1. Could you go through region 299-311 in sequence order and give the Karplus-derived ³J(HN,Hα) for each residue, using 6.51 cos²θ - 1.76 cosθ + 1.60 with θ = phi - 60°, rounded to whole Hz, and x for Gly and Pro?
2. For K40, list the aspartates and glutamates whose Cα falls under 12 Å from its own Cα; do not include residues on the same chain fewer than 8 positions away.
3. List the lysines whose Cα lies under 29 Å from the Cα of K142, skipping any in the same chain that are fewer than 8 positions away.
4. Taking 0.36 nm per residue of separation and subtracting the Cα-Cα distance, what length does fully extending V299 through S365 add?
5. Which lysines have a Cα less than 22 Å from the Cα of K284, not counting those fewer than 8 places away in the same chain?
6. Most mobile of H151, H80, H246 per a Gaussian network model of the chain (Cα springs, under 10 Å)?
7. Just going by the charge dipole of the chain, with Lys and Arg at +1 and Asp and Glu at -1 on Cβ, which of F112, M223, L100 is farthest out on the positive end?
8. Just add up the charged neighbours of A45: K/R +1, D/E -1, any other residue whose Cβ is under 13 Å from the Cβ of A45.
Amino acid sequence: MKEKKEGITMEKLIIIKYGELTTKKENINLFITTLKQNIKQKLCAFPVDIKFDKGRMFLRILNEDFEKVISQLKEVFGIHEIMIGYELKTLELEQIKQELLSLLETKPFQTFKVETKRSNKKIDKTSIEISSEVGGFLLKNKKEIRVDVHHPELTIYLELRNNESYLYFETIKGLGGYPVSTLGKGMLMLSGGIDSPVAGYLTIKRGVKLEALYFESPPHTSMEAKNKVLALAKELAKYNNEIKLHVINFTEIQEAIYKNIPHEYLITIMRRMMYRIAEILASKNNCKIIVNGESIGQVASQTLTSMKAINEVVKIPIIRPLACFDKLEIISIAKKIKTYETSILPYEDCCTIFVPKHPVINPESKTCQEYENLIPYKDLIYKTIKEHEILKLGNSKEENFKNLL
């Protein structure tokens, strides 16, 4: 939206602040450029023009659908704050004051303060002096208002940058973090539970683009259990732009473990097999890490001794974002990102269908190796990876295709 008054063009637009990205110094252009690409992909349904510098990004929305655009931007990592503002092609304070007075005609308020940022240091007045002058002008022209610097009903933000000035009245909190893909790729072990989607969300926040891996075990697990995981993957795709989900048929491996290995070691051996599969798929898909939702001590396979015994079968780093979170903290994030209600649907996954009454909590590596040699696990792993299914979720055209080894 452009309005022209006495030679000044005032344009309504969206302003984005970067936050943590500004710490990147010589690499900042990579982070900001990636953020721009991610925003463009997120807003592919909207006609938008994006410009940026090292301090701000400016989005001009051609159809003026600001609220819908902002709801999308709230799902983009790398954004610290979002503002609906007005750009004036001037640094002349008298002109800015007149335009501000016009904007305030439709805003009911009794108390206010002015906050000024002056990135253009050629301006001879300080930020405090400018705020004082603008505030004094408003007090003179709107008799019913007064200044309250501590608890104002309205904060007027004025930024003077390059050859333009910007006015806005509200800041909307963004997700923060780093733009997706700036820190490489990871493979998320995604179950139907509460924890792994939260672990995925927190990993994406650190700039890691995720692929996901789900283990199904038909007929022991149902199609409802798989659909539950698909729904969770779609929720994560909102933050990941899209997500590639690898579906592994774990039935033969799981049944071989159940029939041949002492039951107290079922979960430990099963997890070791899952990690081997995850490492192979991570390598094939250029993922640098494996991510899971484990929290120290939550279940038998998540004691420190169990983690050590399970970890030893792979060389790739294992990232556990929830390692030191308690369950209530995890549930709180799950509710915030809208995965909780799906996660608690009563459909069992392959990690819960064969849980022994007394799983070992301090497994020994040597014993694990002896038990694994009772089954042809290398052949079984090769077969299940060769035949596994891949789904692409979250983009406008979802795909479903078989793996080609």
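Every number here is computed from the coordinates shown, using simple stated rules; none is lab data. All values reported here derive from a predicted model rather than from experimental measurement. Don't worry about glycine lacking a Cβ; one is built from the backbone with ideal geometry, like all the others, and counts go over all protein chains shown.
1. 9, 4, 7, 10, 6, 4, 5, 5, 4, 5, 5, 6, 4
2. Of all the aspartates and glutamates, those that pass the test against K40 - Cα under 12 Å, at least 8 places apart if same chain - are D49.
3. Hits, sequence-local ones excluded: K2, K4, K5, K12, K89, K97, K107, K113, K117, K125.
4. Between V299 and S365, full extension yields 21.9 nm more.
5. Cross-link targets: K185, K209, K244, K315, K378, K383, K386, K392, K402.
6. Of H151, H80, H246, the Gaussian network model singles out H151 as fluctuating most.
7. It is L100.
8. Around A45, the surrounding residues sum to +2.
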